[in-house]
Every structure is written in structure tokens, then in C-alpha cells.
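Down below is the structure, laid out as C-alpha cells.
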There are 2 protein chains.
Amino acid sequence: MGQGGRMPHPSYDKIVERCREIALYQSTASLLRWDQETFLPRRGQAYRAEQCAFFGGKVHRLFVAEEVGGWIADCEDAGLEPGGVEAANLRDWRWSYDRSTKLPAEFVEEAERARALAMPAWAEARAKSEFGLFRPHLEKVVEINRRKAELLGYGEEPYDALLESYERGATTAGVAELFGRLKPQLVEIGQAAARRSEAVPGDLLHGDYPEGAQRAFNREVAEAIGFDFEGGRIDTTAHPFCSGLAPGDTRLTTRYESGDFSSSFYGVLHEAGHGLYEQGLPEEHYGTPAGSSVSLGIHESQSRLWENHVGRQAAFWEHWFPRAAHHFDALRDRSADDLAAAAARSQPSFIRVEADEATYDLHVILRFEIERALIGGELEVADLPAYWNTKFREFFGLEVKRDAEGCLQDIHWSMGALGYFPTYTLGNLGAAQLFATACCERPEIPAELASGQYATLLGWLREKVHRHGSQMLPQDLIEAATGAPLSADAHLEHLRGRYL
Amino acid sequence: MGQGGRMPHPSYDKIVERCREIALYQSTASLLRWDQETFLPRRGQAYRAEQCAFFGGKVHRLFVAEEVGGWIADCEDAGLEPGGVEAANLRDWRWSYDRSTKLPAEFVEEAERARALAMPAWAEARAKSEFGLFRPHLEKVVEINRRKAELLGYGEEPYDALLESYERGATTAGVAELFGRLKPQLVEIGQAAARRSEAVPGDLLHGDYPEGAQRAFNREVAEAIGFDFEGGRIDTTAHPFCSGLAPGDTRLTTRYESGDFSSSFYGVLHEAGHGLYEQGLPEEHYGTPAGSSVSLGIHESQSRLWENHVGRQAAFWEHWFPRAAHHFDALRDRSADDLAAAAARSQPSFIRVEADEATYDLHVILRFEIERALIGGELEVADLPAYWNTKFREFFGLEVKRDAEGCLQDIHWSMGALGYFPTYTLGNLGAAQLFATACCERPEIPAELASGQYATLLGWLREKVHRHGSQMLPQDLIEAATGAPLSADAHLEHLRGRYL
């Protein structure tokens, strides 16, 4: 590869070739996982776990092979031109290689198999609200993650090793300090927001929203903000997600509630934000770090930006209300103001993915504290439901009645992902900081958004975030894009502006 | 493996282990193909072709590896106990190995890539009825198949080599002779059937059949005949098919016409027949010949048996009419007799998959003659539409007005499958012969079918066909199950009984 046809080093090309081969496996493994969550019949789950384990091990072995280490060292010795794509890829490969070689392939296979078996067990446990069905799988997942942390090694505590899998450069202590400062302010904002929201009835938008109409409206808006349906699609799952399966193939999912269109709608807007990032990655670097998303925090900054900073603005509904009313008879007696009021309504609630902006980060902080206790060994899985419910009462003043709306609500643990949750709040901070900068640098953006035009904002994100892939570390990307390190300032300002 | 824990030979176990690895790739490649036909976005097609080529080559290389040849020879030298599963697997491996090693892996990759690119091109060409969009892809497919025949070698003509890919033991001359004898009798039956059908209006069942109701009825019947939805599903595609993706994962597809439920209904009944075969294969032998379907002709005998011998009987509709009327308001003024009459109506028509039983095999014979000419070099792709239309007039007395209902109607050529078509008629013959034997050996079957009970028939098929996998050659399987070699007698008797 190399820019402009330059050949940086023969070993560099060998790594790229290997990466392309790995990408063929990884993209296929992504399809196996996507299919597992969307369409796989129940009896096919056991064999699917074998497939996932096999391909997981395959990908791992191809990357940690001794020759790859040799090629990386060759390139380092040759000293690739600093500042270029090649040097950035090389830095990332070195980091990943040193990390991945600490994990035996058998461990990776075991983890993949456990994940693939835990997922359907979680879905069933959640549907029946029976923690016992999920408990042995979660015990396995926690045990594997504890082992993973030991294998990878860590600075201060095991959770560091896991967190870094999802957000390179982040540390548990750093997150804990940030969350510690954030929490009292969030509590204050949340309380004020709940008081101000008392005037807005909780059932303001309740009505009959046929799924077909929801699909049509969701698609219309996703297309308007720039999601390319020639290179993507939307399906239905228990837990919404976005999968950048392969070049030209980015898939979103959502779930539908017949009584309120906003659940699937904001779900799609959120996932479409992820999808725009995936579709904006430079295809010519596919398979290499420069062609890959950089971290979950940055990914989440994109989804939350479109969901909240664009989609929950009053101006958004001024533009889109007529189209929503066109699709939904239930909105006949409602107004743009009603939709905006419902979007800005705040109240403590059970489910993170449906939480309003004022309370959302408290869900994340709660989960961070629980995960840290699980990995640190202070909490055992058997005690999780009671522990969750006690903490939930402390955080939100709510009594969890069913584990389905408590510790079983979320898919991530069944995916084997511990250490992932903090990135949701890092994403919120990033979203606010990026959006504020975009509006400052391109002052026409607010007026454009109010008239349903999204090209300037999307163009800015493409330029500042998407096109870079993983060439910079997450924190460097934010600093380069916004001129300042990631902080909570813009996010808190945004929340205060919306709720106070 | 080995039955009862016997170890036939260490090399045998090595082959089984390799087969299991290959099955992990093959089942995943099946998902890539299934997804390509059902859900893959347009812009994802190019990369999908790369994935298919990669995995196709991978599977091929793993099987043709020198060590596999050595293991097979070891087992042959050891002389496995004849008559057992192991000996049957060994015979099949030897045959496949000698055949596969004639094809270079690069050739297999090229063919897979061409197939994966031809399929979406065909779908678009058919939708627009523009042969030109498909022509270059078909040229490539024909060229690849001609080369494949040369690489494999053949007895009398290149078509032999292709035919044997789908129906081991079949020869072009044998098929040509069979078809030659069959054709005049089919023409005679077809003409008489068309005359007798004049009293049945072509729009007897036309009406409004909502897709949701079609889905519900199709599923109800598929479940009743024994298709396990815990281990399978039904989706929508341009061309209906059944894919036995993996253990516990058998997927059917169909297409819906809003004006006539019978198109999707018989499509599902047909594909469910394939699905029952897949679900009846012995899972413990998965990945080896003993756990795999034996040929396309036998596969088709299962689908046609359920579609025609079960589903187009008058007794079938006597049982199912009330349920159909429950699902479809359009049948309110119709009767079981009307449904039976429509199912037994015959008239020359354009589309094979929707052709009635009396004319169906003529479509197959037509296609066989065209394919033979294409592969033999007497016909070039550029001349195909005109050639097709002329032959179609000869066979059916109908003028093809649009290539979409002529030479573009069918997916198989885009799948790179030439030599596949004759198996459709071999399947019809097998269906009739198997069904007649089942009813003779288990005389309660007709009365059970009339009351909607299918377990005895399915049990007989499981016992005589499904559980054997590929342990016998197709013709031996038929002979073992029915006591006679495959012939056209039962099929012709069935057609005469239905139509004359």
C-alpha cells in the first residue's frame, strides 16, 4: 500500500497482506455474530458457538504469529516516515501485537465459545426475568475476564487491563476520578430536571404506532442524516446495535414498542450515528488500523451526537414533526413542541438505553462500580441481583422489581464485555465537545439542522473524526478535533442548557 | 468416531477431524451465501465475492492437501470393515479426493468469485428483464464450466463431468436417453391435461392474500408435516431455496404473490421437503459423507414428494381447506374441491418453478438441451435469448416476450451451476417411486395424509432415505428403498392418474 504508491518497506506490505486475510475472517465472524442476534434458530446456537470459537482462534493465531512480530520489528528498524499513515499503522500494530501475544489462542477460543453460549442464555433469562438461567454463563464470563486481566497485566488494578481493550489510554483511576467529579453534578442536574419535567405528562406521546410506520419514519430520518442504505440496513433485535460488517455493509438494529415510536426512533438515530462513522472510515485502508474505528468512546461520541445533540433539540422536531405526523396517526393531536418536550423530559428510570440524557450517565457510573467490584473480586456473581438492586436504590431511589429491568437488562456482559461501560460516558463527553466545536467552527450548522440539512455537520465529522480511523489515539483525536483534551465541561454545559 | 466407539484406523480419525474443520468453513460459507441472497446490501456485494472466493479456496485446499490423500490410502490399505459407515465414508472421500485434486485452488477461487458476482447481476437483470446486464457474467460462468469439465475429464462429452458434480453416477447419454423416452409421453399427458383443465378457470383462486396471512398458513403446514422451526426458519428471496447451513440450522426461503397464495405455499412445501431431509440427516456424522445429503436428485425427490404427492392431492385440501379459509378471506366463497382443482390444473406456462406437474419436466428437458449445447460449444451465450425463445415455442407453443420469463427466469446459471437441471426430473422420478413404495409398505399412509397426519410417511423417509446420508450412491439408495432401480414408471403412472 502506502500513500501515493510509495512502498514503505516490504515487511510493511506483508503485514498489510496478513491484515487483509485477517479481515476476511473477521468480517465473516461479524456476520456469524450479527446472524446470531438476528436470525439464528435456537437449535443452531451450539454449533454457532463452535464456529465463533474457531474463527476467533484463527484470527488470533494469524496475528500473533512469530513472522508478524518479525515484520513489525523490520518496519520499526527501517524507521517509517513519521506522521504518515504507515507510521500510525505501525504504532497500532506494535501495541496490539504486544498485547495479543499475551493471550494464548486457546484462551481466545474459550472466551469466544463462552460468549456465543452466554448470549442466547441471556436473551432467554431476560425474557423470563430469571437470573438463574444466566448466572452460570455470567460466572464463566467474569472468570474469563479476571483471567484475561491477569494474562494482559495491568498497572494498578485488573479492571485497567479490560478497560484498555475498549478505550486505549484510559485507566480505571482516571475514569473513577472523572466519574467521582461528575456524579454530584449529575445528581443535581437530574433532580432539577425531574422537577422541571413534572409538567410534562409521561404518556404525552403514548398511542398506537404500527411497526411498519415506525420503520418507514426511522428510515426516512436515517437517510436524511446521511446513512447510506445501499451499503447498509436495519433489522430487529432484543438489544439494538450497529455492526460494520465489511466494506459496503453496515447494519443497524433496533426494537419496536407499539405504544411509543420514540424508543425505536432514538434507537435508530443512535445506531445510525455509529453507522455513519463506519461508513465514513477510509475504505482504502480497510483491514488496517487506519481503516478501523479507533475506540468505543469515539464510536459512542458519534452515536450520542446524532441521537442527543441533533435529535433531541427542539429545532429537530420543528422540522420533522410534519413527517412524523404523516407516518403516525397517533400524533394527530400533538405538536412539534410536544415532541421536543417529551425528548427533553427527565425522570429516573430503570433501563439505561432508554434513559434520558440527565440520568443516563448515572446508569453508566453504577455499572462501572459494579463491574469494578466483580473484576476486583469484592462482588461475586451470585450476589449480583441483590447488590444491583441496593445500588440502584441509592443512585435512583427506585426499587427494582424484576431482574429483567435490573441486572439482566443489558447485553454486554453476555458478550463477554466487561470494561466496556465507561466508554458510554466518555462518548457523551466527546459528543458534546465535538458538537460544540463543530457549531463554533461552522456557525451555519444550527440553522441548517433546524431546516433538516445535515451535510455540513456530517462533513465536519468525516473530516475531523471518521477519515482518521485509528491513526491517532482517542484522546489525541479529540484534542486535534476540538483543540482541548476531553473534559466534562461541554457535556455538563449541554445538560444544564437543556434541563435547567 | 466409528460406530460403538470402535476406532477403525488412526488415519480415519484424522480425515474426520479434517472434515470437521472443513465443515466449520463450509457452514460459514453457506451463511455468506444465504445472507447474500437474503439481506446483503448492494454495496457489500463486491467484498462478499472476495469472502466467498477466499473460503471456497480454503475448503478446497484443506481437502486436497497431500496428507489427506495419504490418510485415505492408509485406510484403504488397512481395509475397513465393509458395509459399515466408515467404509462408506472412505469410498466417498476417495471419489471426492480424486476429483477435487484435479481442480487447482485458484480455479475454485475464481469460480466462487464469478458466482458471487454473477448472482446480484442476475437478480438485477431479471428485475429489469435486461439480458445484457447478465450476459458477461454468464459468459464467464459458461467459460469456467467448460474449463471445469476439461480439468475433471469426462467419458463421452464435457457435460458428463458437470452432471456428475450434482448426481454421482449419472451420465449425459443416460439422461438424454431417459429424457428422449419421457418427452413424447409428457407431451401427450400435457396435451390431455390441458384439455381437461379447460373447465378450471385460471383465476379460480385469485384474490387478495396478505403476506402476513400467507406466512402464517405456510408455517402452520410446514410445522404440521414435521419441519422443526426451533432448528430452522423461512425468509424471503427472489428465488426460493433451502440451505442446510449447519446442525440445528436449516433455512427455507420463498417469495410472495399478493394475488395468489399458492405460489408461496407450494414453494414452502417444496423447500420444507428439502428441509426435512436436511433435518433428518444423522447429526453425529456431521461433516462426513454419512452425515451429508447424497445428491441433488435425491434431495429433489424429497421436496417434490411433499409438494406434489402430498400437497397436490385432493385429500390434502379436504383436510387443510378450513385452515386456509381461516387465514384467507379470499377463499370465503371457495371450497376444498376448488383448491384441489387448481392444484391439478395444467397449462403450458413460462416459469419452471411455478409449472404444474404435467409440464414441469418439459422445462427441465428444455434446459438440459440448452445447457448441453452451451457446454458443448454449439451455442454461445450471445445467442441464448433467441435460442431459448425458439426452443420454448417448440416445446410449449408459447412466445416468450420478456427474457425475465425466458432465459433469465432461473437463478442456477448465476450460481455457476450447469449440469444441475437434470436432477430436477430425476427427483420427480424418485419422488413418485418412493411415495408409491411407502404407500405400499405402509398402507395406512393415504388415510393418515387425508387426516393431516404425516408422521408415518416422514418416519418411512427418515428410515429409508434421510438417515443414510451419502452412505449409498443415489441409484443404490433408490433401489434399496424401493426394491427397483430408478425408472420413469411410477412418475408417469402418477401423472396419468392425476391428469387423465
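No lab work stands behind these numbers, since they all come straight from the coordinates. None of the values given here were measured: they were computed from a predicted structure. Using ideal geometry, Cβ is built from the backbone for each residue, glycine included, and neighbour counts are taken over all protein chains shown.
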Considering the stretch A:339-465, what Rg and Dmax in Å follow from its alpha-carbon atoms? 18.3, 54
Whichever lysines have a C-alpha closer than 27 Å to that of A:Lys102, once near sequence neighbours (fewer than 8 apart) are set aside: A:Lys14, A:Lys58, A:Lys140, A:Lys148
Sum up the charges of everything whose Cβ sits under 13 Å from the Cβ of B:Ala481, counting Lys and Arg as +1 and Asp and Glu as -1, but leave B:Ala481 out. 0
Calculate the FRET efficiency for B:Lys102 and B:Arg402 from the Cβ-Cβ distance with a Förster distance of 51 Å, rounded to the nearest 0.05. 0.80
Could you calculate the contour length gain from A:Thr390 to A:Ala192, that is, 0.36 nm times the residue separation minus the distance between their Cα atoms, to one decimal place in nm? 68.9 nm
Please list the non-local residues whose amide H lies under 5 Å from the amide H of B:Thr236, H modeled 1.01 Å from N, same-chain partners needing a gap of 5 or more. B:Thr254
Convex hull volume of the Cα atoms in the stretch B:172-499, per residue, in Å³? 130
Kindly give the distances from B:Asp476 to its copy-mates, label point to label point, with each label point 7 Å from Cα along Cα→Cβ, as nm values to one decimal ordered shortest first. 6.6
Whole-number value, in Å³ per residue, for the convex hull of the alpha carbons of the protein assembly as shown is 185
What residues of the stretch A:71-106 lie in the reach of a label at A:Glu150, counting those whose backbone N is under 15 Å from a point 7 Å from the Cα along Cα→Cβ? A:103-104
Explain nothing, just the number: dipole magnitude of the protein assembly as shown about its Cα centre with +1 on each Lys and Arg Cβ and -1 on each Asp and Glu Cβ, in debye rounded to the nearest 20. 620
With the label 7 angstrom out along Cα to Cβ, how close does A:Leu398 come to the same site in each of the other copies, in nm, nearest first? 6.1
Report the FRET efficiency, 1/(1 + (r/R0)^6), for A:Glu17 and B:Glu493, where r is their Cβ-Cβ distance and R0 is 60 Å, rounded to 0.05. 0.45
For the stretch A:202-211, just list the computed ³J(HN,Hα) in residue order, Karplus coefficients 6.51, -1.76 and 1.60, θ = phi - 60°, integers in Hz, with x standing in for Gly and Pro. x, 9, 3, 9, 4, x, 9, 10, x, 4
Around B:Ser451, under 11 Å between beta carbons, what's the net of Lys plus Arg minus Asp minus Glu among the other residues? -3
Quick one: with label points 7 Å out along Cα→Cβ, list the inter-copy distances for A:Arg496 in nm, shortest first? 9.5
Contour minus Cα-Cα span, B:Ala46 to B:Ser451, at 0.36 nm per residue, comes to 140.8 nm
For the protein assembly as shown, percent of DSSP beta bridges that are antiparallel (nearest 5) comes out at 45
Share antiparallel - DSSP beta bridges, chain A, percent rounded to 5: 45
Can you tell me how the stretch A:17-129 classifies by the Cα gyration tensor, rounded, prolate or oblate, using a/c under 1.5 as the rounded cut? prolate
Note down the magnitude of the dipole of chain B about its Cα centre, charges +1 on Lys and Arg C-beta and -1 on Asp and Glu C-beta and zero elsewhere, to the nearest 20 debye. 620
Which aspartates and glutamates, on any chain, are close to A:Lys183 with Cα under 15 Å apart, when same-chain ones fewer than 8 places away are left out? A:Glu357, A:Asp361, A:Glu369, A:Glu394, A:Asp489, A:Glu493
May I ask you to derive the FRET efficiency for B:Glu230 and B:Glu81 from their Cβ-Cβ distance with R0 = 25 Å, giving the value to the nearest 0.05? 0.10
Kindly provide log₁₀ I(q)/I(0) values, in the same order as q = 0.15, 0.35 Å⁻¹, from the Debye equation applied to equal alpha-carbon scatterers of the stretch B:197-237. -0.55, -1.18
